[in-house]
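Here the structure comes first, spelled out in C-alpha cells, and everything after it is commentary.
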Amino acid sequence: MRTVLAKPRLWIALALWFLTVNAALAAQGAGQLVNVTIAYTSVSPQYAPVWIAKEAGFFRRNGVNAQLVYMRGGVLATQALVSNDVNFINAGGGGVVDAVLGGADIFMIASPINQEPQVLVAKKEIKDIRQLHGKRLAVNSLAGPAMLSLKMILGASGLDPERDVTYLATGPSASRYGALQLGHVEAATLAPPFTFAARKAGYTFFEDLPAMKQAELPNAALATSRKFFDAEPLTTEMVVKSVIEGIHFYKTEKRKTQAILKQYMKMADGEELEETYNFYVKLFAEKPYPSAKGIQTILDWSKRADARKASPAQFRQTRFIEKLDKQGFIDGLYRR
C-alpha cells in the first residue's frame, strides 16, 4: 500500500499554527493575558472590528487583554503610538504616512476598510455633481483621507477641487449635517447614521460614483510601532487575528453587531442602526491588507517633497495577515 503524504511545507505551516494557538491558549489558561492598549480615533462604525473583538471576547480568547481608549483625531493617537503610550492605534492611514515621512518608526499592519466611508449629499435642487461649481461644501477637516477622497471624486467629475468649490471645516457628521440644514453650505460629506436623516429629508445623494470606488485609501488602519512589533510578535499576531475575527463577526452576526454599535455609538433608533450596519458591511474587507495602491495615492497627493521618493512598503507590514491568509484561517471563518 502506498501512503500519500501532505506537502512538507503544509505540515510545517500547520505545526507552526498549532504552536502559536497553543501558546496563546496556555497563556490564557494560566491567567497570563498580555496587556495592550489600543486607541481608536473616532466613534464611528469603521472601528467596529476592534470594538467587537473586545466585546465578543476574541482578544481574551487569543491571550490578549485589550484596553480600548478613545483619542479624538489621528494626530493625537499617532503621537501616543510614537511615544509608546499606546501599543496600537486604529486611525486613518494618511496620518500614519505623514508620521513615517516625519521619521516615526511605525507602520500599518491591517486596514479593515480601504475606502473612505462617506457620501456626498447636496441640497435637493442640485441633481448633477457639476452643479457644485461655485458652491460651499462642509467637510470634517481640510486635511486627511476624507478630504483627499472628496477631492479625487470632484476631480473625476470634471470639477477643479482646488478652485471650483469652497470648503468649510465644520467637524463631525453632526455638525456637517447641521450646516447643510441651516443653509450655511450647499453640500456636505456625511456618514451613517446621519445619512439616514438626510435621506428622509429628501437631500440629493451622490452614491456609487465610479470615482468613489476608485478612491482607494487605507481607512481605520491598525498600526503599531516597530519596537512593539519586534518585541511582541505573538501578541501582534493575535491582535491582528482578533480584528479579522471581528470583521467576520460584523459580516455574519448582524443583530449582535448592531447591539455593539448601539453600545459604543449611543444609538437608539432601529432604522438608523439598520442604515449604519448595511452601509459598512459592504466596506469591510474579509482580508484586511493595508492597500499599497491606497498608500501610493496618499503619497501622490502629498505636498511633502520626500513623499515622491517613498514606497508603499515603508508604511505597511503584512507579515501576519499573509500568514493567517496562507494558512487558510481567514477563508475557514467564512466556510463555517
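Can you tell me which residues in region 291-322 are out of contact with any helix residue (DSSP H, G or I) (no Cβ under 7 Å at 6 or more places or on another chain) and open to solvent by less than 60 Å² (accessible area, probe 1.4 Å)? Across region 291-322, the qualifying residues are S291, T297, S302, S311, T318.
Being in a loop (DSSP other than H, G, I, E, B), within 27 Å of G95 (Cα to Cα) and either among the acidic types (D, E) or out of contact with any strand residue (DSSP E or B) (no Cβ under 9 Å at 6 or more places or on another chain) (or both): is that true of D230 here? Steps first, please.
Details: in a loop (DSSP other than H, G, I, E, B): no; within 27 Å of G95 (Cα to Cα): yes; either among the acidic types (D, E) or out of contact with any strand residue (DSSP E or B) (no Cβ under 9 Å at 6 or more places or on another chain) (or both): yes.
No: the conditions fail for D230.
Among the residues making up region 305-319, those that are touching a residue at least 12 places away in the same chain (Cβ under 8 Å), assigned to a helix (DSSP H, G or I) and among the aliphatic types (A, V, I, L, M) are A307, A313.
The rows are residues; the columns are (1) in contact with a helix residue (DSSP H, G or I) (Cβ under 7 Å, 6 or more places away or on another chain); (2) part of a loop (DSSP other than H, G, I, E, B); (3) surrounded by fewer than 24 Cβ atoms within 10 Å (Cβ to Cβ); (4) not acidic (D, E).
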{"position": "Q67", "(1), (2), (3), (4)": "no, no, yes, yes"}
{"position": "L76", "(1), (2), (3), (4)": "no, no, yes, yes"}
{"position": "Q79", "(1), (2), (3), (4)": "no, no, yes, yes"}
{"position": "D85", "(1), (2), (3), (4)": "no, yes, yes, no"}
{"position": "N90", "(1), (2), (3), (4)": "yes, no, no, yes"}
{"position": "G95", "(1), (2), (3), (4)": "yes, no, no, yes"}
{"position": "D98", "(1), (2), (3), (4)": "no, no, yes, no"}
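Filtering Y264, Y334, Y250 for residues that are of a type outside the set (A, V, I, L, M) and open to solvent by less than 20 Å² (accessible area, probe 1.4 Å) leaves a single hit, Y250. Looking across E245, E272, E237, one residue alone is over 19 Å from A56 (Cα atoms) and either part of a helix (DSSP H, G or I) or of a type in the set (G, A, S) (or both). It is E272.
Quick one: is L180 in contact with a helix residue (DSSP H, G or I) (Cβ under 9 Å, 6 or more places away or on another chain), assigned to a strand (DSSP E or B) and either modelled with pLDDT under 95 or on the phi < 0 side of the Ramachandran plot (or both)?
Details: in contact with a helix residue (DSSP H, G or I) (Cβ under 9 Å, 6 or more places away or on another chain): yes; assigned to a strand (DSSP E or B): no; either modelled with pLDDT under 95 or on the phi < 0 side of the Ramachandran plot (or both): yes.
It is false that L180 is in contact with a helix residue (DSSP H, G or I) (Cβ under 9 Å, 6 or more places away or on another chain), assigned to a strand (DSSP E or B) and either modelled with pLDDT under 95 or on the phi < 0 side of the Ramachandran plot (or both).
Contact map, region 133-156: residues that are without any contact (Cβ under 8 Å) to a residue 40 or more places away in the chain paired with residues that are open to solvent by less than 10 Å² (accessible area, probe 1.4 Å), Cβ distance under 6 Å, separation 6+ or inter-chain. Pairs shown: M147/V139; L150/T189. Of the residues making up region 180-201, just one is open to solvent by 40 Å² or more (accessible area, probe 1.4 Å) and in contact (Cβ under 8 Å) with a residue 60 or more places away in the chain, namely R199.
Here is a list of conditions, (1) modelled with pLDDT under 90; (2) over 16 Å from P117 (Cα atoms); (3) aromatic (F, W, Y), and Y167 meets all of them except one; can you say which number that is? Result: Y167 fails condition (1) only. Within region 117-131, track down each residue that is closer than 21 Å to G178 by Cα and either touching a Pro at 6+ places or on another chain (Cβ under 7 Å) or of a type in the set (K, R) (or both). K123, K124, K127, listed by residue number. None of E237, E245, E275 is in contact (Cβ under 8 Å) with a residue 24 or more places away in the chain, surrounded by 16 or more Cβ atoms within 10 Å (Cβ to Cβ), more than 14 Å from the chain's Cα centre (by Cα) and over 26 Å from D331 (Cα atoms) except E275.
Looking only at residues of region 129-143 that are part of a loop (DSSP other than H, G, I, E, B) and modelled with pLDDT under 95, we find that the one that is farthest from R304 (Cα to Cα) is N140.
The values are calculated or read from the model by the stated rules, or taken from the named source; none is laboratory data. Computed from a predicted model, the values in this text were never measured in an experiment. Backbone-built Cβ (ideal geometry, glycine too); neighbour counts: all protein chains shown. For accessibility, only protein heavy atoms count, side chains too; no ligands or nucleic acids. Shrake-Rupley method; radii C 1.70, N 1.55, O 1.52, S 1.80 Å.
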